[in-house]
Amino acid sequence: MESIEEQKKFEKEAFLRILPRDIQEKIEEIGNFDNLIEVVLDLGRVPEARFADKTVFLREEPITKKEIDFVVSSVGVFDRDNRAGIERTLHRISAIRNRRGEIVGLTCRVGRAIYGTIDPIKDIIESDKSILILGKPGVGKTTLLREAARVLSIEQNKRVIIVDTSNEIAGDGDIPHPGIGRARRMQVPFGKAQEDVMIEAVENHFPEVIIIDEIGRTEEAKACRTIAERGVRLIGTAHGTSIENLLVNPTLQDLIGGISAVTLGDEEAARRGTQKTTLERKSPPTFQILIEIRERGVFAIYYDLAETVDALLRGFPVNPEIRTAENASISRESMQTNSLVSENKERTVVRVFPYGINTSYLERGIHSTRAPVEVVNDLGRADILLTVRRKLEKDRDALNAANRIGVSVELIEKNSLKSIKEFLRKVKRNYSRGYVLDYGKLEEYVQRVFESGRMVELPPANAEILEEEKQFISKYGLFCEVVGLEPNRRIVIYPTRGKK
């Protein structure tokens, strides 16, 4: 098997070989082939080489009909989509024709297999879940599929079949590009036959994983559901910038379970705080996990697509996990920005910055409750900013400063020893469980219910935190309930008072 460097050398030579001699020499002279995107040859115009950061005119003389014909003869047959390729490469040559069907322009695009692109989400790719990858054109969806096929077929030893609609994943010709590893490739003769080839792959070749690029038609979405129901894992892509695009796209709604209008009874509508006619998911989604490619190397991950769709239909915010790749290392950032819990796994004490609080009372309270709390006079060193509600209402600067640097804010009703001791006992209780519950943020959720008159959903939490949240909410006389399954059990606060 060829090394990656040998393959890259072969692909470069194969690309240059189809071009006129003087253009080959000029590109070699410029160098920087690794950043070359495409070469444009239009009849009667100066040839261009387009790099990632610039465009270079390759000579002063325009392209002739003879040179166009030379490239066409070097490439071979163009398909009905006016595309051709070079066998065992990912290069793509696209033609522009005149009204008589004659080729008068060529876009010679350099194709590359980029290794390591799935590193930020490799654990998800290697899982047993079906994955839908969403992104706008040009953000690297096809490149990611190619690398996923290689990793699953070689490193995981899975039986992988690629349904290659336009030969973009594995390249043109009968021999697929080595970038797909040991995965097998089934070509699609024309776009509308994709769903038939998908079903054929399952029935005839017994794959464990099927990889599909650009699911875009209702028939293809239905074929995906059929495949999933037969127990075959799917990894596919679709065009779109966010999950909301799927909710309003009738062609692809089946991928996320389909959506229908449901009429609720008066009591149920009042309990939910919604109108009587609402939207609900009809069936389980075809895919379990959704990954949005927001830009190259930036992934937003929704681990439970069913719950995500339900939350969006009910008007709740959803918070994906964000992962990015920088300098070949993985950076993961949780988007649970509304989290009510701060962990204190590595701290021996909880550091409190008193703002408008009697420090003498605070020190006495720490001594009598034996709470693991240290008083600090620098907000930058604090875990919690402690203040009185009335003080915060008059002066929001402290809250804004704490939010900027990620310090939790705790409010007490009175600047009294009793109130301070209650706070310290709560910290001691929470600290023994390894967390500090942010009651300031929890109160903001409650206030949002009062102000909007609509239900509000809290972030997922464990059983102990859920119980503490319920006790806090009950003080305001609001009804709340725990919904969802582990690990996404969470509280919904309704704009109704008292018990159900």
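The values are calculated or read from the model by the stated rules, or taken from the named source; none is laboratory data. Quantities reported herein were computed from a predicted structural model and do not represent experimental measurements. All Cβ positions, glycine included, derive from the backbone under ideal geometry; neighbour counts span all protein chains shown.
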Only one of these is outside the structural domain of residue 85 (by TED's automatic domain parsing), out of contact with any helix residue (DSSP H, G or I) (no Cβ under 6 Å at 6 or more places or on another chain), within 23 Å of residue 305 (Cβ to Cβ) and surrounded by fewer than 21 Cβ atoms within 10 Å (Cβ to Cβ): 123, 174. Name it.
123
Just checking, which of 330, 293 is in a strand (DSSP E or B) and at pLDDT below 85?
330
Quick check on region 140-182: of everything there that is touching a Leu at 6+ places or on another chain (Cβ under 6 Å) and of a type in the set (Val, Ile, Thr), which residue is modelled with the highest pLDDT?
160
Restricted to region 126-166, and to residues that are in a loop (DSSP other than H, G, I, E, B) and in contact with a strand residue (DSSP E or B) (Cβ under 6 Å, 6 or more places away or on another chain), which residue is surrounded by the fewest Cβ atoms within 10 Å (Cβ to Cβ)?
129
Quick one: residue 352 ticks every box in (1) surrounded by fewer than 16 Cβ atoms within 10 Å (Cβ to Cβ); (2) at pLDDT 85 or above; (3) among the aliphatic types (A, V, I, L, M) except a single one, so which number is it?
(1)
Taking the criterion of being under 22 Å from residue 179 (Cα atoms), among the small types (Gly, Ala, Ser) and in contact (Cβ under 8 Å) with a residue 12 or more places away in the chain, would at least one residue in region 70-82 satisfy it?
no
Restricting region 311-327 to residues that are under 26 Å from residue 454 (Cα atoms) and out of contact with any strand residue (DSSP E or B) (no Cβ under 6 Å at 6 or more places or on another chain), which is modelled with the highest pLDDT?
312
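Yes/no matrix, rows are residues, columns are (1) closer than 30 Å to residue 185 by Cβ; (2) at pLDDT below 95; (3) in a helix (DSSP H, G or I); (4) more than 39 Å from the chain's Cα centre (by Cα):
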residue	(1), (2), (3), (4)
9	yes, yes, yes, no
26	no, no, yes, yes
46	no, no, no, yes
69	no, no, yes, yes
Among the residues of region 96-111, are any closer than 23 Å to residue 302 by Cβ and charged (D, E, K, R)?
no
